[in-house]
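Structure, as structure tokens:
The values are calculated or read from the model by the stated rules, or taken from the named source; none is laboratory data. Values in this document were obtained by computation on a predicted structure and should not be read as measured data. No Cβ is skipped: glycine too gets one built from the backbone with ideal geometry, and neighbour counts run over all protein chains shown. The area values use the complete protein model at the heavy-atom level, side chains included, leaving out ligands, DNA and RNA. Shrake-Rupley method; radii C 1.70, N 1.55, O 1.52, S 1.80 Å.
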Amino acid sequence: MQLPPYATTGQRIWFYTFRVICGLIFFFLIAPILTIIPLSFNAENFFTFTPGMLAFEADAYSLRHYRDFFTNPQWQSALRNSVQIAPAATLLSVALGTLAAIGLSQSHVPARRAIMAILISPMIVPLIISAAGMYFFYSRIGLQGTYLGVVLAHAALGIPFVIITVTATLVGFDNSLTRASANLGAGPVRTFFKVQMPLILPGVISGGLFAFITSFDEVVVVLFVGSAGQKTLPWQMFIGLREQISPTILAVASILVAISIALLTTVELLRRRSERMRGLSPG
Amino acid sequence: MARSSATAPDAFTGATPDNAMRDADRAEAAMVAADGTPLKRSLNRALRAQKLRALALIAPLLIFVLVTFVAPIADMLFRSVENDIISENLPRTVQALDNWNGEDLPDEEVFRALGADLVIASELRNHTRIGSRLNYEMTGISSLFRQTGRDVDDIGEIYADQFIALDEAWEEPSTWMTLMAADRWIEDREGWLRDAAEAEAAQDAAETREEARALDFDTPEPAFRISDLASEALPRTASIYSEFARVIQTEDEDSPAEEDPWNIVYQALYEDLSAGRGEGYEGEAAALIAAAREAVPQFEERSVRDFFLEEIDEDWADTQIWGTIEAFSDPYTAGYFLTAADLRLTANGIEAQPEGEQIYLMLFQRTLFMSLAIMFSCIALGYPIAFLLSNLPMRTSNLLLILVLLPFWTSLLVRTSAWKVLLQQQGVINDILVWLGVISDTARLALINNQTGTIIAMTHILLPFMILPLYSVMKTIPPHYVRAAKSLGATNWTAFWRVYFPQSVPGIGAGCILVFILSIGYYITPELVGGTTGTFISNRIAYHISTSLNWGLAAALGTILLVVVLVLYYLYDRLVGIDNVSLG
């Protein structure tokens, strides 16, 4: 989109106005996330920029909120819970999800659409409804308020992401490779680990990352299915925002932004690698 | 947004069982495989094996999702109509109310049934649960039931005294045993007593304390069984007595053979005898019954109805309460759905809720209105961005796409806390506006804890879900169509509006449905920035689950929301396809 040399004044004005509008929208998208990073270094217990911060005085900035996050037992136990729940849920959904995705991409699967609809449903149903149903059902079978209950619930929520990314990777998978492997005498298990797995690994990893972030970020379901013993980081933030708003939340938020930038980069790199391996141009 | 066809119908070329099958069909003579079996059968077997293998791979996950996710949803649907608490805990009352005309005060029979039901319910500590269930339908019932539960065990006291005055044997638990217990049970119990005595003797003989402890006898008493003779001759007494025995055995872990029966048992006995029943009774206690039968007409009477109205609470004369009990006596009810639609079930059929209690239609309307508002702001903001991204060179647009994907990947709570910080009265936005002189320091804008706050924050949160599908559609629109339109004399606007825009409509549709589906079920953001006026139906669901404990209503509201989402999702599937959900 470039301005042709013969553009009229009106067209020029519109061209630049449009860019300014787009710039403003990008600002709207990104500014809230970026604002909280400097605010998290606030030396005061305020949620806005103090005059000292605007004048760039060194003593208006401090790491006290970060220190609070790393020393406060509540935040630490929340962090510990998150770190215990998310990997377990991810492992479960990746293991089951990858197998099922391989099954689903075979050429003969009876009732494929129905199966697919069931497997994707945790992503479609609003979280509050999943949370309500799980709360009712898990309290019937004694899973409500247990670590296992939260892990199972989060694994169920992460499964659609694994299914979608892994089946997408399998689209480009050349089935003659497994046949060649079988022809050379490898059993199905060996073929899976030596031939199939290395090729679909980028899809599996990015599905796993999606599942991980789903569990790590999730608050509605854990709020209902979990009890005080499973209080995760987002739950602690939720309580903090609702009741005793403290700038430590901003420090936690900044750390999470850094984590999401790292994850975004990983997923993007994986996607490019996967497309390169399948001979598609990156884009 | 790669379009995938991983789950599309068979599009394989080369040697698959299908192709070979078609070849076999076309062949004139029967084709035979290497081992001599007809090729068709051999191929069929291979095909079946392949299907089984695929299903075996899918099965673990399918079962997992069915148990951890689909079963909970089914449970919620079931709870939205389930209503067995009344029919299970007040069975006699429900039955007696069948004959009630719905207008006058119910007769003595109904009150007798209610008395019996409530004594049992209060012994099981269930009467408060019944009360709170009925309280959802009519305020005040809860305290009435709590109050009644305290006094109800005095019903029948007057008869208990008179039976005992007539013959002291009526006070003895053993009399009731001979009268009520089945012979088989008495034998079982004797065996059990022998075992217990033996165990005790063995324990006494044990040398060490550990040994003795290992010999502890903890088998419970065999479950009480009522004698057929008694339930035929004295049906009411037998029915109440077996409830008594069950409660004594399970709740108090005592033996009915050693406990005095409740007053209500004497009340039932009086009811049976005064109605002329018990005539043919020929069991061991026949003489006792015969004597009682003769004495009963001279007994001082006390109607249960009067007892309820005079001693317990005169509110029991209110026919509305009886109407409510009757209306909710079925094990399944549409009552929760009616409440969700601001209606209510009364004895006279379906009525509108009183003015002050109509909140759900308003909440549904607000949820729809705000979701639409969010959807339109997402179009307004997302369209230019998607347009720009799809018309820039690949390198630049990939760079700018990161600005869209970063919010998409950032934790929802991070974004919500950012808005909470920015929108506060003493927050960054108000500070900037004051500093710019747009508003005065005293007239700071209320941007949070209202609808404005929810719409701003949720537009920001859902904007990537609009931009990504729009972008993937716009990328496929060939640029030379617009150029052709312009070379044919169209102005910039006409070329855009008549040529470009119609081609981008599928993207708008997909983005709109996605944003709308996501926003009507949102909970966290409205809860944190919505205050009281900016909350959604989902916040009400959460309130009923965790605060008011009206789970049935929460389930009904959830069911309605689920149906709306599924219908929208079906549209999305028709428009875009389930498989084309992509994750940036």
Legend entry - Residue satisfying condition, being among the small types (Gly, Ala, Ser) and at pLDDT below 85, within set A:Ala78, A:Ala43, A:Ala86: A:Ala43
Inset, instruction - Considering each of B:Leu470, B:Leu433, B:Leu422, B:Leu462 in turn, give the residue that is within 25 Å of B:Pro384 (Cβ to Cβ), in contact with a Pro (Cβ under 9 Å, 6 or more places away or on another chain) and assigned by TED's automatic domain parsing to the domain that holds B:Pro502. - result: B:Leu422
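In the set A:Ile255, A:Ile239, A:Ile249, which member is in a helix (DSSP H, G or I) and buried (at least 24 other Cβ atoms within 10 Å of the Cβ)?
Being in a helix (DSSP H, G or I) and buried (at least 24 other Cβ atoms within 10 Å of the Cβ) holds for just one of A:Ile255, A:Ile239, A:Ile249, which is A:Ile249.
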Inset, instruction - Taking only the range B:147-190 into account, find how many residues are among the basic types (Lys, Arg) and open to solvent by less than 60 Å² (accessible area, probe 1.4 Å). - result: 1
Inset, instruction - Using the structure shown, decide if B:Ala443 is farther than 28 Å from B:Val515 by Cβ, crowded, with 17+ Cβ neighbours inside 10 Å and more than 11 Å from chain A (Cβ to nearest Cβ). - result: no
Legend entry - Only one of B:Asp104, B:Asp195 that is more than 32 Å from the chain's Cα centre (by Cα), surrounded by fewer than 18 Cβ atoms within 10 Å (Cβ to Cβ) and modelled with pLDDT of 85 or more: B:Asp195
Inset, instruction - Kindly establish whether B:Asp195 is out of contact with any Asp or Glu (no Cβ under 9 Å at 6 or more places or on another chain), over 30 Å from B:Phe308 (Cβ atoms) and of a type in the set (D, E, K, R). - result: yes
Inset, instruction - Please state which one of B:Leu144, B:Leu134, B:Leu77 is farther than 30 Å from B:Arg225 by Cβ, among the aliphatic types (A, V, I, L, M), open to solvent by 40 Å² or more (accessible area, probe 1.4 Å) and modelled with pLDDT of 85 or more. - result: B:Leu77
Legend entry - Scope the range A:97-124; condition among the hydroxyl-bearing types (Ser, Thr, Tyr) and surrounded by 22 or more Cβ atoms within 10 Å (Cβ to Cβ); matching residues: A:Thr98, A:Ser105
Inset, instruction - Please go through the range A:167-178 and pick out each residue that is farther than 22 Å from A:Arg113 by Cα and more than 9 Å from chain B (Cβ to nearest Cβ). - result: A:Asp174, A:Leu177, A:Thr178
Inset, instruction - Give, as residue ranges, the helices (runs of 4 or more DSSP H) completely inside the range B:201-317 that count at least 3 residues that are at pLDDT below 85. - result: B:209-214, B:228-233, B:286-295
Inset, instruction - Tell me, yes or no, whether the range B:474-492 has at least one residue that is within 9 Å of chain A (Cβ to nearest Cβ) and open to solvent by less than 40 Å² (accessible area, probe 1.4 Å). - result: no
Inset, instruction - Kindly establish whether A:Ile128 is facing chain B (nearest Cβ under 9 Å), over 30 Å from B:Ala556 (Cα atoms) and either under 21 Å from the mean Cα position of the chain (by Cα) or open to solvent by 10 Å² or more (accessible area, probe 1.4 Å) (or both). - result: no
Inset, instruction - Of all residues in the range B:521-549, count the ones that are out of contact with any Lys or Arg (no Cβ under 9 Å at 6 or more places or on another chain), at pLDDT below 90 and not hydrophobic (A, V, I, L, M, F, W, C). - result: 7
Legend entry - the range B:306-323 residues that are within 11 Å of B:Ile141 (Cα to Cα), paired with ones that are modelled with pLDDT of 85 or more and assigned to a helix (DSSP H, G or I) (beta carbon under 6 Å, 6 or more apart): B:Asp315/B:Leu144; B:Trp316/B:Phe308; B:Trp316/B:Leu309
Inset, instruction - Scan the range A:22-50 and report the pairs whose first residue is over 16 Å from A:Asp68 (Cβ atoms) and more than 7 Å from chain B (Cβ to nearest Cβ) and whose second residue is outside any helix (DSSP H, G or I) and open to solvent by 60 Å² or more (accessible area, probe 1.4 Å), with Cβ atoms within less than 7 Å and a gap of 6+ or a chain change. - result: A:Thr50/A:Glu44
Inset, instruction - Just one of (1) open to solvent by less than 30 Å² (accessible area, probe 1.4 Å); (2) in contact (Cβ under 8 Å) with a residue 24 or more places away in the chain trips up A:Leu92, so point out which. - result: (1)
Legend entry - Counted residues, the range A:113-125 - those being under 27 Å from B:Thr525 (Cα atoms) and either among the small types (Gly, Ala, Ser) or more than 8 Å from every other protein chain (Cβ to nearest Cβ) (or both): 1
Inset, instruction - Evaluate the following for B:Val565: is it under 29 Å from B:Leu401 (Cβ atoms) and in contact (Cβ under 8 Å) with a residue 24 or more places away in the chain? - result: yes
Inset, instruction - Output the residue which, of all residues in the range B:63-74 that are open to solvent by less than 40 Å² (accessible area, probe 1.4 Å) and hydrophobic (A, V, I, L, M, F, W, C), is nearest to A:Arg140 (Cα to Cα). - result: B:Ala71
Inset, instruction - Would you please list the contacts, defined by Cβ atoms under 8 Å and residues six or more apart or on different chains, that run from a residue in the range B:412-431 that is more than 7 Å from chain A (Cβ to nearest Cβ) to a residue that is of a type in the set (Lys, Arg) and surrounded by fewer than 23 Cβ atoms within 10 Å (Cβ to Cβ)? - result: B:Gln425/B:Arg444; B:Asn430/B:Arg444
Legend entry - Residue in the range A:249-263 that is more than 20 Å from the chain's Cα centre (by Cα) and closer than 24 Å to A:His65 by Cβ present: no
Inset, instruction - For the range B:378-385, indicate whether the set of residues that are in the same structural domain as B:Ala457 (by TED's automatic domain parsing) and open to solvent by 50 Å² or more (accessible area, probe 1.4 Å) is non-empty. - result: yes
Inset, instruction - Kindly indicate the residue of the range B:497-537 that is polar (S, T, N, Q) and over 23 Å from A:Ala131 (Cα atoms) and also surrounded by the fewest Cβ atoms within 10 Å (Cβ to Cβ) among those meeting that condition. - result: B:Thr533
Legend entry - Test: residue in the range B:210-231 that is touching a residue at least 40 places away in the same chain (Cβ under 8 Å) and among the β-branched types (Val, Ile, Thr): yes
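Could you tell me which of the residues A:Ile205, A:Ile239, A:Ile200, A:Ile261 is hydrophobic (A, V, I, L, M, F, W, C) and closer than 21 Å to A:Ile37 by Cβ?
The unique qualifying residue is A:Ile261.
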Legend entry - For B:Val434: the one exception among (1) more than 7 Å from chain A (Cβ to nearest Cβ); (2) closer than 22 Å to A:Asn42 by Cβ; (3) in contact with a Gly (Cβ under 7 Å, 6 or more places away or on another chain); (4) not small (Gly, Ala, Ser): (3)
Inset, instruction - Scan the range A:81-102 and give yes if some residue there is farther than 27 Å from B:Leu562 by Cα and not in a helix (DSSP H, G or I), otherwise no. - result: no
Inset, instruction - Give the number of residues within the range B:539-554 that are hydrophobic (A, V, I, L, M, F, W, C) and over 15 Å from B:Gly521 (Cβ atoms). - result: 3
